[in-house]
Amino acid sequence: MKKNYQCLILILLCAFASVAQAQTVNLQFSTDASSGVIGDNFEVFMNISGSEAYEQGGFNIRFTYDSSALGAPVLAETYNFNSAPYSEITLTYSGSRVSVNGAISMGATGSQVVKEPEWTKVLKLRFKILDHDKTTKLEFLPSSSEQTGTVVMNQNTKEQLETGNLYNLNAPLTDAPLPVSLVHFAATWQPNNQVLLTWTTAAEKNNKEFQVQRSQNGKDFETVAVVAGAGDAVVENNYSAIDAQPLANYSYYRLKQVDFGGKYEYSKLVSVKIGQGLSKHLVKFGPNPFQQEASISFNSQPNSLVQLTLTDINGRILRKETIKAERSFTQYSLQRLDELAQGVYLVKLSGPGIASTLKVVKE
């Protein structure tokens, strides 16, 4: 009886050890500068990573795609793991579902998949684009106990690894240039408890308007301002809007760019903390300490005049200059600073969208 208990304990220990060593496999679709929309084709990489580095062997990975937008994929390229190339990779199809089966040509030592968050390229797929107005909708099918699931095997033990994160891809299929080239977007809290939003475009095509949208959680948005676009433009345009009633604490903003056909795109998110004053990082002075010259950069309302005042530590005005801020971001050079004696000075900036004082040192 005692031996039976010892065997049972040994079996349980082995089971727990097996669970502790369980590894997960992450799958990712991705594009880069060399892939994506190329003429009438769409190319995408299939990548793999592990919770721990492990030796990969045979695998079966299944995914779906929008068959009304893309034709059935073909294998465009495969990649070696160290010196171990893939062999016998095949694609099988069932409607919009694709099964990728393969193995590694290698000895008993295996070939190692790198640990997350790094990625190892497995292969490149090429699709024929059927409808440029649609998107890819590439989606991995999660693992299951059935043969139709996504399965990745360990080469040496043949034990199935757990499926981890699945990174799908829903990319546009048009190779036309974006309707708007946005080069700058910022939100700045103002002393009158308003938020100034500024943005700059380098070019626009068929651009009807920008909708300034606000959120408290970064997920649910409401429109707080609408600014007309330039239509078609190949020159730089500066825009601004005011949120007169910002939300308490943090507010998140984005731009919804709408063209005359009703299509739209979103910008990145920017955030601002209400009531904290102007962020110091918006105004920079350098070098500090300075000698003969220095520069100051700042954010302000475009096409505005900003007053720069240089005083000594007692408040005596030594210099006043008016800066024409044509863009929302301005860098201004201060000359002939060698005329000043060594010591501590104050540089003050004031104007639409800016009110800041910096302490600087002449050495």
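Quick note: the coordinates plus some simple rules give every number you see, no bench work behind them. This one's a predicted model, so the numbers in the text were calculated from it and none came from an experiment. No Cβ is skipped: glycine too gets one built from the backbone with ideal geometry, and neighbour counts run over all protein chains shown.
Find out how many positive minus negative residues lie around residue 308, taking Lys and Arg as positive, Asp and Glu as negative, among other residues whose Cβ is under 13 Å from that of residue 308. Walk me through the intermediate numbers first.
Numbers: positive: 319, 320, 324, 348; negative: 321.
That sum, taken over residues with Cβ under 13 Å, equals +3.
Taking 41 Å as R0, compute the FRET efficiency from the Cβ-Cβ separation of residue 32 and residue 244 and round it to 0.05. Intermediate results must be reported in sequence, preceding the final value.
Values: r = 43 Å, r/R0 = 1.04.
Calculated value: 0.45.
The distance from the alpha carbon centre of segment 230-271 to that of segment 304-324 is 33 Å, rounded to a whole number. Between residue 333 and residue 206, the FRET efficiency from the beta-carbon distance, with R0 = 41 Å, is close to 0.60. One chain, two ends: residue 348 and residue 232. Fully extended at 0.36 nm per residue, the span grows by 37.9 nm beyond their Cα-Cα distance.
For residue 96, what charge total do you get from the other residues with a beta carbon under 15 Å from its beta carbon, if Lys and Arg give +1 and Asp and Glu give -1?
Details: positive: 62, 97, 128, 134, 137; negative: 66, 131, 139.
Its environment carries a net charge of +2.
Let me know the volume per residue of the alpha-carbon convex hull for segment 169-325, in Å³.
Numbers: hull volume 27.4 nm³, N = 157.
Convex hull volume per residue, Cα atoms: 174 Å³.
Measuring between alpha carbons in the structure, the pairs from 320/348; 208/324; 134/263 lying more than 18 angstrom apart are 208/324. Near residue 267: Cβ cut-off under 14 Å, other residues only, Lys/Arg at +1 and Asp/Glu at -1. The net charge is +1. At 7 Å along the Cα-to-beta-carbon direction for both residue 266 and residue 67, put a label point, then send me their distance in nm to one decimal. Result: 3.1 nm between the two label points.
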